[in-house]
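Reviewing the structure listed below.
The values are calculated or read from the model by the stated rules, or taken from the named source; none is laboratory data. Quantities reported herein were computed from a predicted structural model and do not represent experimental measurements. Here Cβ is always computed from backbone atoms with ideal geometry, including for glycine, and neighbour counts include all displayed protein chains. Accessible surface is based on the protein model in full, side chains and every heavy atom, while ligands, DNA and RNA are left aside. Shrake-Rupley method; radii C 1.70, N 1.55, O 1.52, S 1.80 Å.
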Amino acid sequence: MSSSIESLKIKKNIIGLLLLSFLFSCKTGVQKKETKPNILLIVIDDLGYADFSPFADYDRSISTPNITRLGESGTVFTQAYVTAPVCSPSRAGLLTGKNQFRWDKPASWGPGLPDSVKTIAEYLKEAGYATARIGKNDLGRNFHKNDVREYPLKHGYDEFLGFSAHAHDYWLNSQEIRDRTPDPYGTSALLGPLMHNMGEKSYEEGYLTDILTDESIDYIKRKRDQPFFLTLSYSAVHHLIHEVPKKYLDKYGVKEIPNYDPNNMEAFGNHKPGSYSAYYDKYSRVGAIQHEDLRKYYLANLNCLDDNIGRVLDALKEQDLEKETLIVFISDNGGSPLTGANNRPLTGGKYSLWEGGIRVPLAISWPGTIAAGKVQNDYVSALDILPTLVEITGSKITDPTIDGISLFRPEPDRLLVWKWQKTWAVRKGDWKLTNTNENHWKSEPSAQYIKPIRDDLSLKLFDLFKDPGERIDLSAEHPEKVKELEDAYKAWIEANVMK
């Protein structure tokens with residue numbers, strides 16, 4: 001039995017390598033292009049693993065025909081990882097191609113962005129790209145400021161329109177509402193005008209996901225004599241999950257919940273009367289919205305997001321840019337256990353290093369160059385996006401501390417490491433070792449959440465090839481593997497993390 005499993009693993013690795021060679025035509029497919037492609041990086045916030053319709057076993061309750069369309073036009077990755085189970089550090093890793101805990105020793109919410117660490121936008125700008133970021137900008141530090149390294153215009157983007165924080169209200173994007181609110185910046189989310197380059201832009205009406213799409217389409221339609229790199233960083237499907245246009249709420253049979261109004265709020269807990277913090281806190285946990293409706297609000301929010309992604313894809317086609325644009329689609333971390341996201345069959349979700357917190361949907365599309373309708377099962381990382389895009393543009397990376405590798409040349413037995421507060425994890429081949437515990441942070445999790453087998457900081461060993469849901473701890477049966485992986489993790493940390 002064991003020999004047949006090992007044989008199957010070997011065949012899987014060989015097939016994976018051959019498949020990638022075909023999918024991407026390696027370098028030859030890229031070199032046939034006389035001009036560099038436009039690049040569109042779409043980052044989704046808190047998308048559930050099972051809520052990605054290009055996967056074969058996706059949750060059939062979702063309606064995302066445009067995300068399906070994106071997956072069918074390119075290659076989807078079933079084992080893609082991010083570097084952290086929450087947005088700020090995960091986005092820092094994606095942006096730099098480096099594990100953010102190299103410089104953020106606490107490995108927590110606020111890694112920031114050192115001057116010495118180069119970003120995707122800086123590499124591509126040097127390669128002749130016009131660069132823009134639209135949507136969420138969150139590196140965990142220096143929120144709401146435009147004169148700091150963390151602000152997009154200070155790390156390689158020519159233009160920025162969006163917000164610099166964990167989240168933003170979907171409906172309240174005007175100067176008028178900010179003036180009426182006692183704490184417009186008083187929580188992890190904010191409201192009011194969006195930051196626009198070195199100023200602000202107020203929207204008296206409109207829904208944030210629609211606004212970000214409208215602005216992205218305007219950017220795509222511009223006439224220019226150089227390729228563009230556009231990072232479209234949606235805040236959907238993050239809290240506040242109930243804030244969705246009425247036609248989507250009607251589709252899923254849930255009621256409208258009144259938007260925040262500082263004149264019609266009571267105090268909650270320690271919050272000020274009329275505070276946005278109180279409203280946000282009330283609706284960002286199970287309680288005010290119960291389990292069945294929570295999933296419906298999530299589905300409505302996701303359906304709206306999908307329609308907007310469809311508008312972006314249509315704009316590329318209308319501008320005859322479909323075959324001239326490479327699209328990368330990824331979620332910043334696993335689905336939240338507090339919004340109704342579905343991560344099945346993975347254990348846990350956002351906030352922890354269980355697979356449900358760090359394994360995410362990933363797809364790459366470039367019609368005519370990257371083969372369509374393909375599935376890649378070898379594990380990869382968001383760290384790999386930077387070196388892959390830099391390679392496509394013909395540039396070189398001279399920094400030896402880049403942790404990502406080209407998606408064109410995966411390493412089936414590469415070492416991946418994670419550090420998140422007091423927890424850590426390491427993967428090599430099919431084996432994963434972790435001390436992670438259960439952490440859904442605010443309250444009881446939503447009904448879709450798969451509870452971990454154990455809630456403590458003990459070492460747990462899993463064979464992810466046979467047990468992707470992390471239900472069988474093999475640490476007692478394989479003490480030698482525990483030691484091997486623990487030693488590999490400690491050696492990496494000792495060699496690479498800032499002292």
Please give the contour-minus-distance gain from residue 69 to residue 144: 0.36 nm per residue of separation, less the Cα-Cα distance, rounded to one decimal in nm. 23.5 nm
Efficiency of FRET between residue 222 and residue 496 - r from beta-carbon atoms, R0 30 angstrom, step 0.05: 0.15
Order of 366-373, 255-262 by packing, highest average Cβ count within 10 Å first? 366-373, 255-262
Taking Cα pairs closer than 8 Å and at least 6 residues apart, the relative contact order of segment 313-449 in percent is 26 percent
Which whole-number value in Å² is the accessible area per residue of segment 114-242, probe 1.4 Å? 35 Å²
Under a 5 Å amide H to amide H cut-off, with H placed in plane at 1.01 Å, what residues pair with residue 424 once short-range neighbours are removed? 435, 436
Measure up 36/428; 201/246; 374/466; 201/296; 105/145; 136/223 against 27 Å on the Cα-Cα distance and list the ones that go over. 36/428; 201/296
Can you check what the net charge comes to around residue 363, using other residues whose Cβ is under 12 Å from the Cβ of residue 363 (Lys, Arg +1; Asp, Glu -1)? +1
For the ranges 229-239, 37-47, what's the packing order if you count other beta-carbon atoms within 10 Å of each residue, average per peptide, and put the highest first? 229-239, 37-47
Whole-Å semi-axes of segment 227-331's equivalent ellipsoid (Cα gyration tensor): 34, 17, 12
With 0.36 nm assigned to each residue of separation and the Cα-Cα distance removed, residue 372 to residue 476 gains 33.1 nm
Cα-based equivalent ellipsoid, the chain: semi-axes from gyration tensor eigenvalues, Å: 33, 28, 22
In segment 118-273 the accessible area split gives carbon plus sulfur, as whole percent at 1.4 Å, a share of 46 percent
Counting only protein heavy atoms and rolling a 1.4 Å probe, one gets per residue an accessible area for segment 54-109 in Å² of 28 Å²
Theoretical FRET efficiency, 1/(1+(r/R0)^6), r = Cβ-Cβ of residue 201 and residue 317, R0 30 Å, to 0.05: 0.65
Ignoring ligands, DNA and RNA, please state the percent of accessible area on segment 290-350 from carbon and sulfur, probe 1.4 Å. 42 percent
Mean separation of Cα contacts under 8 Å (at least 6 apart) over the residue count of the chain, i.e. the relative contact order in percent, is 24 percent
Using just the helices of the chain, give the 222 nm mean residue ellipticity in deg cm²/dmol: DSSP H runs with n ≥ 4 each add -39,500 (n - 2.57), and the total is spread over all residues, rounded to 500. -9000 deg cm²/dmol
Quick one: putting +1 on the C-beta of Lys and Arg, -1 on the C-beta of Asp and Glu, what dipole do you get for the chain around its Cα centre, in Debye to the nearest 20? 940 debye
Hey, with R₀ at 35 Å, roughly what FRET efficiency would residue 484 and residue 453 work out to, going by the Cβ-Cβ distance, to 0.05? 0.95
